[in-house]
1. From largest to smallest, what semi-axes in whole angstrom does the chain give when each is the square root of 5 times an eigenvalue of its alpha carbon gyration tensor?
2. Could you calculate the FRET efficiency of ILE117 with HIS44 from 1/(1 + (r/R0)^6), where r is the beta carbon distance between them and R0 is 30 Å, rounded to 0.05?
3. About the Cα centre of segment 50-101, how large is the charge dipole given +1 on each Lys and Arg Cβ and -1 on each Asp and Glu Cβ? Please answer in debye to the nearest 20.
4. How big is the charge dipole of segment 1-75 about its Cα centre, in debye rounded to the nearest 20, if each Lys and Arg gets +1 on its Cβ and each Asp and Glu gets -1 on its Cβ?
5. Can you say what percent of the DSSP beta bridges in the chain, counting only those with both residues inside, are antiparallel? Round to 5.
6. What is the order of LEU63, LEU193, fewest Cβ neighbours within 10 Å to most?
7. Give me a comma-separated list of calculated 3J(HN,Hα) values for segment 4-20, in order, Karplus coefficients 6.51, -1.76, 1.60 applied at θ = phi - 60°, integers in Hz, x for any Gly or Pro.
8. Could you check the simple spin-label distance between ASP156 and ALA77, using points 7 Å along Cα→Cβ, in nm with one decimal?
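Every number here is computed from the coordinates shown, using simple stated rules; none is lab data. Treat the numbers as computed from the prediction; the structure is a model and nothing was measured. Neighbour counts run over all protein chains shown; Cβ positions are idealised from the backbone, glycine included.
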Amino acid sequence: MSLVDVRRIVMITEEIFHDGGPKSARPPKRGVIGAIVRNPYAGHYETDITPMMEALKPLGMELTKRLVAGLGGDPKAVEAYGKGAIVGANGELEHGALWHVPGGYSMREVLGEAKAIVPSATKLAGVGARIDIPLHHINAAYVRSHFDAIEFCAPDGPRDNEIAFILAMSTGGRVHARVGGLQVGQIKGEDGLR
């Protein structure tokens, strides 16, 4: 049996025209996508779980490409990203950590070698659990306008023996960002921070 058995993929996209202020001339689009996958390590402790990390790489690329398509199809339009996982009740948090390399590196590759670390959130929860996936700028984590989050939920998952592996992206910062700090036009792009 394959280590990566996908039962369902859920994608949510949105376009934000305003948040109570003036309408944006360039409304940002945000999206989140998650694959509900059987957890081969559920219910028992496995010393070496890294084979699944390697096996998840094609899923990371597939979800990345689907989400970029859902946001309009242009990888260069994506300005913020994040990732996460919800591990079903028979798993452990470390099973969600299997997503760091396949999820993060897939986005960085497709989006053009993004420099900033991909923010992440993981939790152990039951069917229908919700998680806020953090977002920040793909090249400079200190850009305050892009500090954001998007919620993911799959109403029928993850089941006890499943994991939801999740990616999130945005084509811009918060629609009415105005709290100062490093601006997009000031990014140096050297260290992933500034």
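1. They are 30, 17, 14 Å, listed from largest to smallest.
2. Plugging the Cβ-Cβ distance into 1/(1 + (r/R0)^6) gives 0.45.
3. Values: 5 positive and 6 negative charges, 40 e Å.
Charge dipole, segment 50-101, about its Cα centre: 200 debye, nearest 20.
4. 320
5. DSSP beta bridges in the chain are roughly 90 percent antiparallel.
6. Ascending number of Cβ neighbours within 10 Å: LEU193, LEU63.
7. 10, 10, 7, 8, 7, 10, 10, 10, 10, 10, 8, 10, 9, 7, 6, 10, x
8. Between ASP156 and ALA77, the label points sit 3.1 nm apart.
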